[in-house]
Amino acid sequence: MNKQVSELDQGLLVVLSGPSGVGKGTVCAALRERMPELVYSVSATTRQIRAGEQDGVNYFFKQKEDFLKMIENDQLLEWAEYVGNYYGTPREFVKKTLATGKDVILEIEVQGALQVKQKFPEGVFIFLAPPDLKELRSRIVGRGTETEDTVNSRMAVAKEEIELMDNYNYVVVNDQVDLACARIESIITAEHLQKDRQIAKYRKWIKEV
Ligand SMILES: Nc1ncnc2c1ncn2[C@@H]1O[C@H](COP(=O)(O)OP(=O)(O)OP(=O)(O)O)[C@@H](O)[C@H]1O
Ligand SMILES: Nc1nc2c(ncn2[C@@H]2O[C@H](COP(=O)(O)O)[C@@H](O)[C@H]2O)c(=O)[nH]1
C-alpha cells in the first residue's frame, strides 16, 4: 500500500449512481481507461455470478450468511437490499485508498449512495440519468441478463430512484458513453480545483511557515 497523506490531501470519493441499466458499469469502465489513476471499489453482493463476471473483479460474490456477518462486523461503508439481493461497499479498502491520496469511485444504487452521503458529505455524488425511460428499459432488456419480472422490478425501482436525483451534486445524462465520461472527468477535475479544498491547504501552509 502507498504512503499515507495528510487529511487535506486525501483522495476524492466519487459516487456514481443511478438506475439499473442506465450504463453505470459501461461508463465506469470507459472512465477508468481515460483516468487510470481512479481506483474502483469492488462491491460485495449475494447475487448470482453472471456469465463473464469474475469473483474479486466485478464483485466479491458472497453467501447471504457471510454478507450478514460483514454488516454485523461493520465492515461495510454502506449496503442495500436491491431486487432480492444484498450489495455493499467494503469500508476498509475505501478508507485506506483515500488515505493514500488516490480518488476512489463507487458504482452503487441510490439507497447506498444516500447512506454514503450521510457519512461522507464531502464526497462527489453523481447521478447518471437515462435519456428517457423507454431507452432505460431497452438497455436493461438489451443486456440480456434479466427475466421479464426482474426487468419490471428494476424499472419500478428506477422510477423511485429518479425522484431522488435532488440529493446529488451533479446529474449526467448517459446519451453517449464518451460524452458521459467526458462530463464526469470534467466534474472530477473541477472538484479537485474547488476553492474550499484549495483554501484549506493554503491556510495550513501559511500556519506552518
Ligand atoms: N450511452 C449508451 N448508449 C447505448 N447503450 C448503452 C449506453 N451505456 C450503456 N449502454 C448499454 O446499456 C446496457 C446496460 O449498461 P450497464 O450494464 O453498464 O448498466 P448499469 O447501470 O451498470 O446496470 P446495473 O446497475 O444493472 O449493473 C448495456 O448493454 C450497455 O452496453
Ligand atoms: N448500494 C449498493 N449498490 C450496489 C453496490 N454494487 C452494485 N450496486 C448496484 O446494485 C444494482 C444492481 O447491480 P447488478 O450488478 O446486479 O446489475 C446496480 O444499481 C448497482 O450499481 C454496492 O456496493 N452498494
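For Trp79, Trp205, what's the fewest-to-most ordering of other Cβ within 10 Å of each Cβ?
Lowest to highest Cβ neighbour count: Trp205, Trp79.
As a test, work out the antiparallel percent of DSSP beta bridges whose residues both lie in the chain, rounded to the nearest 5. Let's see the in-between values first.
Working: 8 of 27 bridges.
Here the antiparallel bridges make up roughly 30 percent for the chain.
What ranking of Ile187, Ile206 emerges when the number of other C-beta atoms within 10 Å of each C-beta is taken as an exposure proxy, fewest first? Write out the running numbers ahead of the final one.
Details: Ile187 17, Ile206 8.
So the ranking, lowest neighbour count to highest, is Ile206, Ile187.
So what's the back-of-envelope 222 nm ellipticity for the chain, counting only DSSP H runs of four-plus at -39500 (n - 2.57) apiece and dividing by all residues, rounded to 500?
Values: 8 runs with 97 residues, N = 209.
Using -39500 (n - 2.57) per qualifying helix, the result is -14500 deg cm²/dmol.
May I ask you to sort Glu78, Glu37, Glu53 by Cβ crowding, counting other Cβ atoms within 10 Å and putting the fewest first? Working shown, then result.
Details: Glu78 24, Glu37 8, Glu53 13.
Fewest-to-most Cβ neighbours within 10 Å comes out as Glu37, Glu53, Glu78.
Under 5 Å between amide H atoms, partner at least 5 residues away or on a different chain: which partners does Ser43 have, H built in plane at 1.01 Å?
Residues meeting the amide H criterion: Phe60.
Using a Förster distance of 25 angstrom, determine the FRET efficiency expected from the C-beta separation of Glu33 and Val141, and round it to 0.05.
With a Förster radius of 25 Å, E is 0.40.
Reachable aspartates and glutamates from Lys3, Cα under 18 Å, same-chain residues fewer than 8 places away excluded?
Result set, ordered by chain and number: Glu37, Glu92, Asp103.
Which ³J(HN,Hα) values in Hz, rounded to whole numbers, follow from the phi angles of the stretch 20-30 under the Karplus curve 6.51 cos²θ - 1.76 cosθ + 1.60, where θ = phi - 60° and Gly and Pro get x?
So the J values, rounded to whole Hz, are 4, x, 5, x, 4, x, 5, 5, 4, 5, 5.
What's the FRET efficiency of Lys96 with Lys69 using the Cβ-Cβ distance as r and R₀ = 30 Å, to the nearest 0.05?
On the way: r = 21 Å, r/R0 = 0.69.
Calculated value: 0.90.
In the chain, once you exclude exposed trypsin sites (Lys or Arg not before Pro) (DSSP loop, at most 14 other Cβ within 10 angstrom), what's the longest stretch remaining?
Values: sites that count: Lys3, Arg50.
So the longest stretch without any such site is 51-209.
Ratio of the chain's C-alpha Rg to 2.2 N^0.38 Å, to two decimals?
1.06
Which of rounded, prolate, oblate describes the stretch 54-94, given a ≥ b ≥ c as roots of the alpha-carbon gyration tensor eigenvalues and a/c under 1.5 marking rounded, otherwise prolate only if a/b is larger than b/c?
rounded
Can you check what the Kirkwood hydrodynamic radius comes to for the stretch 160-209, Cα pairs only, in Å to one decimal?
Final number for the Kirkwood radius of the stretch 160-209 is 13.5 Å.
When you take every Cα atom in the stretch 122-180, what is the radius of gyration, and what is Dmax, the widest Cα pair distance, in Å?
Rg and Dmax of the stretch 122-180, Cα atoms, are 12.6, 39 Å.
How much length, in nm to one decimal, is gained on full extension between Glu160 and Val209, taken as 0.36 nm per residue of separation minus their Cα-Cα distance?
12.5 nm
No value in this document is a laboratory result; all are computed from the given coordinates. Computed from a prediction, not measured in an experiment: that's the story for all the values here. Cβ coordinates were reconstructed from backbone atoms using ideal geometry, including for glycine residues, and neighbour counts include every protein chain displayed.
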